[in-house]
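See below for the structure under consideration.
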Amino acid sequence: MGVDDKCPICQEGVETVMHALRDCLWVRSIWRHLGVLPSDQIFWRADLQVWLVYNGNAKLNGTTGSMPWKMLFPFALWNLWKSRNGSVFRGKNPNPDLAKEVVSQVREFLYCASSPRDLARRTIKGVR
Ligand SMILES: [Zn+2]
């Protein structure tokens with residue numbers, strides 16, 4: 001019994017990790033919406049390990065203003081993975097607005113991380 005190794009979403013490439021997270025046609029459009037330029041050779045050509053290290057440490061901002069790329073990148077990876085699995089295993093259509101959703105999640109995370117609850121208002125009560 002043969003196993004089809006083509007990408008079930010675009011039908012144009014072998015379904016590798018890099019295809020699923022970077023090279024699939026649908027995924028490419030999401031990265032472009034997040035501000036990755038087509039001319040960014042490191043982004044589009046690096047192997048998996050270099051790609052992860054490069055983007056995880058990048059001090060670049062996306063097209064979204066003050067959002068650091070090292071925040072957008074992992075949120076994008078997670079959302080791409082979840083959306084892809086939803087498409088492949090549950091038959092859902094890939095979300096065309098995923099880039100907006102990623103930006104929204106990063107914005108929410110940054111808001112929560114930068115304005116923690118007021119610790120001075122906490123009271124400690126002993127319980128028995
Ligand atoms: Zn594909």
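The values are calculated or read from the model by the stated rules, or taken from the named source; none is laboratory data. Being a predicted model, the structure only gives us computed values, none of them experimental. Don't worry about glycine lacking a Cβ; one is built from the backbone with ideal geometry, like all the others, and counts go over all protein chains shown. When the accessible area is computed, the model is the full protein with side chains, heavy atoms only, and any ligands, DNA or RNA have been set aside. Shrake-Rupley method; radii C 1.70, N 1.55, O 1.52, S 1.80 Å.
Yes or no: P8 modelled with pLDDT under 95, assigned to a loop (DSSP other than H, G, I, E, B) and within 16 Å of the ligand (Cβ to nearest atom)?
When the stated conditions are applied, P8 passes them.
If I ask for residues that are outside any loop (DSSP other than H, G, I, E, B) and either open to solvent by 90 Å² or more (accessible area, probe 1.4 Å) or at pLDDT 95 or above (or both), which ones from the range 62-72 would you list?
Within the range 62-72, just K70 meets the criteria.
Could you list, in sequence order, the residues of the range 24-47 that are without any contact (Cβ under 8 Å) to a residue 60 or more places away in the chain, more than 16 Å from the ligand (Cβ to nearest atom) and in a helix (DSSP H, G or I)?
Within the range 24-47, Q41, I42, F43, R45 qualify.
Taking the condition of being of a type in the set (A, V, I, L, M, F, W, C) and surrounded by 18 or more Cβ atoms within 10 Å (Cβ to Cβ), how many residues in the range 1-25 meet it?
Residues in the range 1-25 being of a type in the set (A, V, I, L, M, F, W, C) and surrounded by 18 or more Cβ atoms within 10 Å (Cβ to Cβ): 5 in total.
Filter the range 89-128 for residues that are among the aliphatic types (A, V, I, L, M), part of a helix (DSSP H, G or I) and at pLDDT below 90 and give the result.
L110, A113, L119, A120
Do the conditions hold for W78, that is, is it aromatic (F, W, Y), surrounded by 13 or more Cβ atoms within 10 Å (Cβ to Cβ) and in a helix (DSSP H, G or I)?
no
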